C-alpha cells in the first residue's frame, strides 16, 4: 500500500492510499479520514460510496463529512467507484465502465475480470483497513449517494450483520426497473434478471430487508428523480415494516449541496447505531 | 445579470451568477450563498476571497462554509480571482494573470485595463449585491485563503469602516518581500515599490491597522509558509497593538482540509462582529 497524500483535517488525518487489488486486478485508490481518537485505538467506520463519474475524491472534498465524523470520533472511507487504468475496459458513456461499477461482480465480457466492486468492498478493502489502520471492523456503517446509495443499500442488505446502519442520499432504488440500472446490469451480469435481484434495493427490501435502521433522503427537485424511483423503495419498506426513515426534502436537487446539507444528520444517525452498547 | 445555477443548500440557496463588469471590462462569475433568513429581509454578508488558480467555485464547493453561514444567518459571496476570457491577458505561470489577480488595479500593460480586481470588489460587486439580493451592506465582513487572505486583509485595511471584521487562512502576509508578490506587484503595478505598500498587509498594518477584530490561522506544516511570512504580520500586529488573534495550527498544511477544519470558528468570529449592536 502506498500513501498518496495525508492532510491534517479536523484534528485527525485525511489520507489517500493506493494498493494493488486482487479483487479488481488493478491498482485501487481510496480516501480515509481518521479522527483524532484513532491514535488511541480502533474507531468505528462509516463507508461512503459515491455516484456515477466520481472517484474517491469527490465526496472526500465536497460532502463536508469530516466535520461531523471528527465530532463523533468516526472514521470515513471513500472508495473509488470502479476499477481503472489502461488495461481496464471502458465505455464512452458516462454511466458504464470506469466510474460506473455499480457495486457488482461482473460476469460478462469485457467487464470481467476487473469489475468486481462487490468483492472489493465486501471483502478486500475492509480486510486491508482492519490490517493497516485503527479501524474497528465490529462497528461499521454505510452510506452513499445516487449509484453509491444503491451500493450502500445493496451491500447492507446483502451482508447481514456487517453494517449496523445504512443511509443513502438520492439512491438509485430500483435499478432493474430504471435506465440507471437495466443497461448496466445487463452489461455486467447478463440478460438473466433473476441474477440482478441481489443488486436491487427494492427487490432485496421485499425479500430480506435490513437488520438495523435505515435513513434515506431524496430531494423533491432532484433532476434524476424519475431514474431514482424512491417511490418503489418506499413502498417496499412500508410493506416490509422495515425500521426506516424516508424523507423527501423540498427543493433540494441531486448535487453535493444536497448531500452536505443533510450530512450532519446522517452521521448522527450512524453514530447512534455505532455507539449503541 | 444571468443566473448560471441555483441549488438549494442548508435551507437557503447556493447560486452562481454572471454579469458584465465595468471594472474588469469582461464577464465576471461569482457564487452567492443566501441563508433562509434572506427571504425575510437583508442579511449580513461574509466575503470569501480565494487563492491562486481558484475560480469562484473552489471554496464554494470545498470550504464547508455554508454549514455555518446557514446556522448564523449570514450570506457568503465567492468572487472570482481575476478577470477571464479570450480578450484578457494571461501568462503561462500559475501565479500571474488569469486566476492570479492579486486583488489590485493593474496599471501596467498587458494587465490594464482588465485586471481591476480591487475596484471590482471594493465598488462594483458590493453595489450589485445590494441591488439584486437581500444583502445588508452595513454588515459586511471578509475572509480569504492564501492570495485571498492577502486580498481580505488589504481590502479590510484599505477601506476603513467597510468591514466589521477580517480573518484569513494562510494569507500571503508580506507580498512585497515574497516571491508570491514581488513578481506580481511588479507586473501589475510597475517597479515603484511605494505603490505596492497599499497592497501589503504587513506594511498596511504598520501604517494604519484595522478598525475591528482580526483572526488569522496558518498551519505549521504549510508547504508555502516561507512565502506566506506570517512572522512579518505577527510582528506588525504586535507592534501596532492591533486587536487580533493569530494562531499557528500544528500539523495543518495549505489545503482546503485546513481551511474547512477552522471554518466554523472563523464564521463564529465574524458572526460576533456582524451581530454586535
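The values are calculated or read from the model by the stated rules, or taken from the named source; none is laboratory data. Note that the coordinates shown come from a computational prediction; the quantities given were computed from them, not determined experimentally. Positions of Cβ are backbone-derived with ideal geometry, glycine not excepted, and every protein chain shown enters the neighbour counts.
For the reader, a short list of remarks on this structure follows.
- Any hit, region B:189-196, residues being in a loop (DSSP other than H, G, I, E, B), more than 15 Å from residue B:102 (Cα to Cα) and within 14 Å of another protein chain (Cβ to nearest Cβ): no
- Any chance residue B:258 is surrounded by fewer than 22 Cβ atoms within 10 Å (Cβ to Cβ) and not in a loop (DSSP other than H, G, I, E, B): no
- Any chance residue A:41 is touching a helix residue (DSSP H, G or I) at 6+ places or on another chain (Cβ under 8 Å) and either more than 18 Å from residue A:102 (Cβ to Cβ) or at pLDDT 95 or above (or both): no
- Options B:68, B:111; residue that is in contact with a helix residue (DSSP H, G or I) (Cβ under 9 Å, 6 or more places away or on another chain), over 26 Å from residue B:179 (Cα atoms), touching a residue at least 60 places away in the same chain (Cβ under 8 Å) and buried (at least 21 other Cβ atoms within 10 Å of the Cβ): B:68
- Residues in region A:228-264 that are over 17 Å from the mean Cα position of the chain (by Cα), within 14 Å of another protein chain (Cβ to nearest Cβ) and without any contact (Cβ under 8 Å) to a residue 24 or more places away in the chain: A:257, A:261.
- Residue satisfying all of: in region A:48-58; within 17 Å of residue A:258 (Cβ to Cβ) and out of contact with any helix residue (DSSP H, G or I) (no Cβ under 7 Å at 6 or more places or on another chain); nearest to the other protein chains (Cβ to nearest Cβ) among these: A:58
- Note on region B:98-132: residues that are in a helix (DSSP H, G or I) and within 19 Å of residue B:171 (Cβ to Cβ) total 4.
- Condition met for residue B:273 (over 27 Å from residue B:105 (Cβ atoms), in a helix (DSSP H, G or I), within 14 Å of chain A (Cβ to nearest Cβ) and modelled with pLDDT of 95 or more): no
- Condition met for residue A:209 (assigned to a loop (DSSP other than H, G, I, E, B) and either crowded, with 16+ Cβ neighbours inside 10 Å or away from every other protein chain (no Cβ under 14 Å) (or both)): yes
- Boolean, residue A:266 is touching a strand residue (DSSP E or B) at 6+ places or on another chain (Cβ under 9 Å) and under 19 Å from residue A:146 (Cα atoms): yes
- Test: residue B:172 is within 12 Å of the chain's Cα centre (by Cα), assigned to a loop (DSSP other than H, G, I, E, B) and at negative phi: yes
- Checking B:83, B:79, B:44 one by one, the residue that is farther than 20 Å from residue B:112 by Cα, more than 14 Å from chain A (Cβ to nearest Cβ), surrounded by 19 or more Cβ atoms within 10 Å (Cβ to Cβ) and within 18 Å of the chain's Cα centre (by Cα) is B:44 and no other.
- Some residue of region A:115-123 being in contact (Cβ under 8 Å) with a residue 12 or more places away in the chain and farther than 27 Å from residue A:227 by Cβ: yes
- Region A:136-145: number of residues that are buried (at least 24 other Cβ atoms within 10 Å of the Cβ) and more than 9 Å from the chain's Cα centre (by Cα): 2
- Residue-level check: of (1) in a helix (DSSP H, G or I); (2) out of contact with any strand residue (DSSP E or B) (no Cβ under 8 Å at 6 or more places or on another chain), residue A:95 misses just (1).
- Every residue from region B:14-35 that is within 14 Å of chain A (Cβ to nearest Cβ) and surrounded by 22 or more Cβ atoms within 10 Å (Cβ to Cβ): B:14, B:31, B:32, B:33, B:34, B:35
- Condition check for residue A:267: part of a helix (DSSP H, G or I), surrounded by 18 or more Cβ atoms within 10 Å (Cβ to Cβ) and within 14 Å of chain B (Cβ to nearest Cβ): yes
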